[in-house]
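For reference, the structure I am asking about is given below.
What follows draws every value from the coordinates through simple rules; no lab data is involved. As the structure is a computational prediction, the values presented were derived from the model and not from experiment. Heads up, the Cβs are rebuilt from the backbone with ideal geometry, glycines too, and the neighbour counts pull from every protein chain shown.
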Amino acid sequence: MKVAIIAGSKSDKEIMDAAKEVLDDFGVENKTFITSAHRSPNLTKEVADIIDREFDVAIVIAGLSAALPGIFATYTQKPVLGVPVASDLMGLDALFSITQMPRGIPVATFGIGKKGAKNAALFALRILALQSSDIRKKLEDKAKEEEESLRKLNDM
Ligand code: C2R
């Protein structure tokens, strides 16, 4: 099972790394790609074809007008999880752009920046967990750990 992490620019690297960290932590195979729907349309189509053939889920990170997640959802039927990047407009531009897709082109939209990227990676794991009891168990263990750490804080 494989997850692709795609970003529109190398300037999005920090956000990509946030998603990658979660997947690496769970031992899930992943690969990063950088391509822009606007600046490298042919490369974008090639990457989309690779995702369509070889990957289960795509996390697509983009700022500004953020066409990229929608373009991927056009080229592949694999689930696309969109992550907006903060900008001079605080990332609201990308958030609205990614969430307001035309009918027929579904993109699951996450929060802006690193926290959104981490949740997108966790969501990708939940999708994979539908087919993998090993990943499901790891997600359950992680949730238990979270609760335990809060219990300790409260001495309960
Ligand atoms: P630069 O720093 O390279 O100028 O990019 C990128 O995701 C990045 O956040 C600034 C921002 O532009 C975004 N970008 C897109 C697309 N290409 C680049 N949203 C696209 O095709 O959707």
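I need every pair where a residue in the range 58-84 that is at positive phi has its Cβ under 9 Å from the Cβ of a residue that is among the polar types (S, T, N, Q) and within 13 Å of the ligand (Cβ to nearest atom), sequence separation at least 6 or different chains.
So the pair list comes out as Leu64/Ser87; Leu64/Ser97; Ala66/Ser97.
Those residues that are loosely packed, with under 15 Cβ neighbours inside 10 Å and farther than 12 Å from Ala66 by Cα, I need them from the range 92-122; list them, please.
Pro102, Arg103, Gly104, Ile105, Pro106, Lys115
Taking the condition within 12 Å of the ligand (Cβ to nearest atom), β-branched (Val, Ile, Thr), out of contact with any Lys or Arg (no Cβ under 9 Å at 6 or more places or on another chain) and in contact (Cβ under 8 Å) with a residue 24 or more places away in the chain, does Val47 pass?
yes
Please go through the range 1-31 and pick out each residue that is part of a loop (DSSP other than H, G, I, E, B) and either more than 13 Å from the ligand (Cβ to nearest atom) or touching a residue at least 60 places away in the same chain (Cβ under 8 Å) (or both).
Correct list: Met1, Gly8, Phe26, Gly27, Val28.
Oh, and also: Quick check: is even one residue across the range 64-72 more than 15 Å from Ala117 (Cα to Cα), among the β-branched types (Val, Ile, Thr), within 15 Å of the ligand (Cβ to nearest atom) and surrounded by 20 or more Cβ atoms within 10 Å (Cβ to Cβ)?
yes
Please enumerate the residues belonging to the range 74-91 that are aliphatic (A, V, I, L, M) and surrounded by fewer than 24 Cβ atoms within 10 Å (Cβ to Cβ).
Taking the range 74-91 first, the residues aliphatic (A, V, I, L, M) are 80-81, 83, 85-86, 89-90.
Of everything in the range 74-91, those that are aliphatic (A, V, I, L, M) and surrounded by fewer than 24 Cβ atoms within 10 Å (Cβ to Cβ) turn out to be Ala86, Leu89, Met90.
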